[in-house]
Amino acid sequence: MPISPRIHHDRLLGRLDTFNRIGALPGGGNCRLALSDEDRAGRDLLVRWMREAGLAVTIDAIGNIIGVRDGRDDGPAVMFGSHIDTVGTGGRYDGLYGVLAGLETCEALNDAGYATRRPLALVAFTNEEGSRFPPYAMGSLVYVGGLALDDAYSIRGIDGATVGEELQRIGYVGNARPGSITPHAYLELHIEQGPVLEDEALVIGAVEGITGLSWTEVTITGRAAHAGTTPMHLRRDAACAASEIALFVRRVAREMGGYQKGTVGRIELYPNLVNVVAERAVMTVDLRNTDEGLLREAERQLAGFLEGLAAQEHLSITTRSLARFEPISFPPEIVSLVETTARELGLSCRRLPSGAGHDAQMMARLCPAGMIFVPSVGGLSHNVREHTAPKHLEAGAAVLLHAVLRLSE
Ligand code: GLV
Ligand code: MN
Ligand code: MN
């Protein structure tokens, strides 16, 4: 009598714990910036676990790791996974959870001796976070043909190294061509990273789509001057301009309301000294909206503000786009599949959009794609205190397992 596949709670939680020793930070979170030594250590462990689970592992030329489990038939695989890199002050679950729950899905099928009709493909995409090397979701973007490999290799990170050099250094330039598998469908399980599910005491989110996003690097050039002798009205102060821009970004997002977000996450000043008026500021602006028209409106307002500020403060202000993606909607049949699977498992569920970017957003260009969310305590993410209750981690993995089973038949 065949047993039905089940998520093994302790194995999933144990693997999350073991993996998270890599790049562990004081306070509980992790730093595995893309293509760092910690990212390499995580990759090595993942590849070992995938092989132990019987998956045939390939690495592609952008470093995406794919483990295939054969099906009864050939043909397009059902793909699932996420990423294992983190932001510099990341939590324990952003990305990693989706990958290790995917591995647990394969282990659960192994335990049950279950052969799916279609092959399965577990993936860990390179550099989803984009904190070190913009844009985010780089591995999946290359995978779907949205960014040429050579262009990706030449991207320079915030520490001066390039993607190509670092991928080579950590030994993860693989032989496979990115995009060599066109999946039957792609599913990504992820923590919500926001407060909605927790607020409503729900367990599963069926993700309807992903916000549009615009990342801009703004460079302000003024003039270095003596902090004690230069009259206030004669300064061309890049630090003050950067501050004005940060406040403007917040004001625009607040005034537009709805799903509009605006963030200045990075400001670097030169020469960054107590008694020198800043000559230069390099900063980033992250604008997001689920509505493309409104996102364009926010971008238009920012451009107008920068032009006026440059004239008023006698500064030069230049911009460079680091990432720009339109909002996307997942196909209704995949959203329904997530909902139905959750309900059949007796789990409460609602539909919601994602305000975070994800690899599923890129994969949606290639095949039907969708996402499953589980609650984040306090809505906290990109923070070392990011947390999801173990029972919710298990519930999300069960939804992934059963949704994969449906897609694979
Ligand atoms: C990427 O993960 C983002 O939403 O910033
Ligand atoms: Mn993520
Ligand atoms: Mn993230």
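The values are calculated or read from the model by the stated rules, or taken from the named source; none is laboratory data. As the structure is a computational prediction, the values presented were derived from the model and not from experiment. A quick note on method: Cβ atoms are made from the backbone with ideal geometry, for glycine too, and the neighbour counts reach across all protein chains shown. With ligands, DNA and RNA removed, areas are computed over all heavy atoms of the protein, side chains included. Shrake-Rupley method; radii C 1.70, N 1.55, O 1.52, S 1.80 Å.
May I ask you to say which residue of Ala246, Ala185 is at pLDDT 95 or above, away from ligand 3 (no atom under 16 Å from the Cβ), open to solvent by less than 80 Å² (accessible area, probe 1.4 Å) and within 20 Å of Asp359 (Cβ to Cβ)?
Exactly one of Ala246, Ala185 is at pLDDT 95 or above, away from ligand 3 (no atom under 16 Å from the Cβ), open to solvent by less than 80 Å² (accessible area, probe 1.4 Å) and within 20 Å of Asp359 (Cβ to Cβ), namely Ala185.
Which residue, of Val338, Val377, Val399, Val404, is of a type outside the set (Ser, Thr, Tyr), surrounded by fewer than 18 Cβ atoms within 10 Å (Cβ to Cβ) and either over 30 Å from Gly23 (Cβ atoms) or more than 16 Å from ligand 1 (Cβ to nearest atom) (or both)?
Result of the check over Val338, Val377, Val399, Val404: Val377.
How about region 311-409: which strands (runs of 3 or more DSSP E) wholly inside it have at least 3 residues that are among the β-branched types (Val, Ile, Thr)?
Working: elements: 316-325, 349-354, 369-374.
Where strands (runs of 3 or more DSSP E) fall fully within region 311-409 and carry at least 3 residues being among the β-branched types (Val, Ile, Thr), they are 316-325.
Do we have any residue at all in region 244-259 that's assigned to a strand (DSSP E or B) and touching a strand residue (DSSP E or B) at 6+ places or on another chain (Cβ under 8 Å)?
No, that holds for no residue.
What number of residues in region 153-177 are under 30 Å from Ser376 (Cβ atoms) and part of a loop (DSSP other than H, G, I, E, B)?
6
Every residue in region 178-206 that is farther than 23 Å from Asp85 by Cβ and either part of a strand (DSSP E or B) or not charged (D, E, K, R) (or both), please.
Those that are farther than 23 Å from Asp85 by Cβ and either part of a strand (DSSP E or B) or not charged (D, E, K, R) (or both): Thr182, His184, Ala185, Pro195, Val196, Leu197, Ala201, Leu202, Val203, Ile204, Ala206.
Taking Ser154 as meeting all but one of (1) within 27 Å of Ser214 (Cβ to Cβ); (2) crowded, with 21+ Cβ neighbours inside 10 Å; (3) more than 16 Å from ligand 1 (Cβ to nearest atom); (4) polar (S, T, N, Q), write down the number of the exception.
So the condition that Ser154 fails would be (2).
Please tell me if Leu13 is part of a helix (DSSP H, G or I), in contact (Cβ under 8 Å) with a residue 60 or more places away in the chain and open to solvent by less than 30 Å² (accessible area, probe 1.4 Å). If you could, list the steps in order and put the result at the bottom.
Numbers: part of a helix (DSSP H, G or I): yes; in contact (Cβ under 8 Å) with a residue 60 or more places away in the chain: yes; open to solvent by less than 30 Å² (accessible area, probe 1.4 Å): no.
Judged against the criteria, Leu13 is not a match.
Mind counting the residues in region 1-57 that are among the polar types (S, T, N, Q) and more than 20 Å from Gly139 (Cβ to Cβ)? Steps first, please.
Taking region 1-57 as the starting set, the residues that turn out to be among the polar types (S, T, N, Q) are 4, 18, 20, 30, 36.
Of the ones still in play, those that are also more than 20 Å from Gly139 (Cβ to Cβ) are 4, 18, 20.
Of the residues in region 1-57, 3 are among the polar types (S, T, N, Q) and more than 20 Å from Gly139 (Cβ to Cβ).
Looking at this structure, is Gly81 part of a strand (DSSP E or B), within 16 Å of ligand 1 (Cβ to nearest atom) and either open to solvent by less than 20 Å² (accessible area, probe 1.4 Å) or closer than 30 Å to Arg266 by Cα (or both)?
yes
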